[in-house]
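The values are calculated or read from the model by the stated rules, or taken from the named source; none is laboratory data. Here the structure is a predicted model, which is why all the values come from computation and not from measurement. Using ideal geometry, Cβ is built from the backbone for each residue, glycine included, and neighbour counts are taken over all protein chains shown. Note: accessible area is taken over every heavy atom of the protein model, side chains too, but ligands, DNA and RNA are not part of it. Shrake-Rupley method; radii C 1.70, N 1.55, O 1.52, S 1.80 Å.
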Amino acid sequence: MTVEILGRTFTLKGSVSQGSLQAVAREVDAQLRELQQAFPTRPLSDLAILAALNLAYECLESKEDHQQLQTEIETRSKQLIQILEASDSSFLPGP
């Protein structure tokens, strides 16, 4: 499949869906265009490094957010299980 980034065409192959590859290419293109506007005199290699850093930072933030949410879900799940277990024992018939 081919994608276009900053007017250049790239042929990509991979196990990822075409839709995902297109979305990634659009994101890279958008990052580079934004950086090109902000730093018009910088060489493309510098812009590519800045774009890579920006995207890597976003990825790292997403991973940290995901981990935090996963921890919160596990904590709340344990709390709910304890509440359910406590309420089950209170409904048992007494002697």
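Quick notes
- Selected from 85, 74, 27 as most flexible by GNM, with the chain as the system and alpha-carbon contacts under 10 Å: 85
- Spacing of the modelled spin labels on residue 34 and residue 17, each 7 Å from Cα toward Cβ, amounts to 2.4 nm.
- Fraction of accessible area attributable to carbon and sulfur, the chain (%, probe 1.4 Å): 58 percent
- Loop chymotrypsin sites (Phe, Trp or Tyr not before Pro), the range 5-95 (other Cβ atoms within 10 Å of the site Cβ: 13 or fewer; DSSP): 91
- Net charge dipole, the range 7-95: roughly 480 debye, given to the nearest 20, about the Cα centre with Cβ charges of +1 for Lys and Arg and -1 for Asp and Glu.
- Per residue accessible area of the chain, 1.4 Å probe, in Å²: 83 Å²
- The distance between label points at residue 73 and residue 42 comes to 3.6 nm (points 7 Å beyond Cα on the Cα→Cβ vector).
- In plain terms, the chain from residue 49 to residue 82 could stretch by 6.9 nm, reckoned as 0.36 nm per residue minus the Cα-Cα distance.
- Computed [θ] at 222 nm, deg cm²/dmol, the chain (DSSP H ≥ 4; -39,500 (n - 2.57); rounded to nearest 500): -26000 deg cm²/dmol
- Crossing angle, helix 44-90 versus the chain [Cα axis fit, 0-90 degrees, rounded to tens]: 10 degrees
- Cα long-axis angle, helix 18-38 against the chain (0 to 90 degrees, to the nearest 10): 60 degrees
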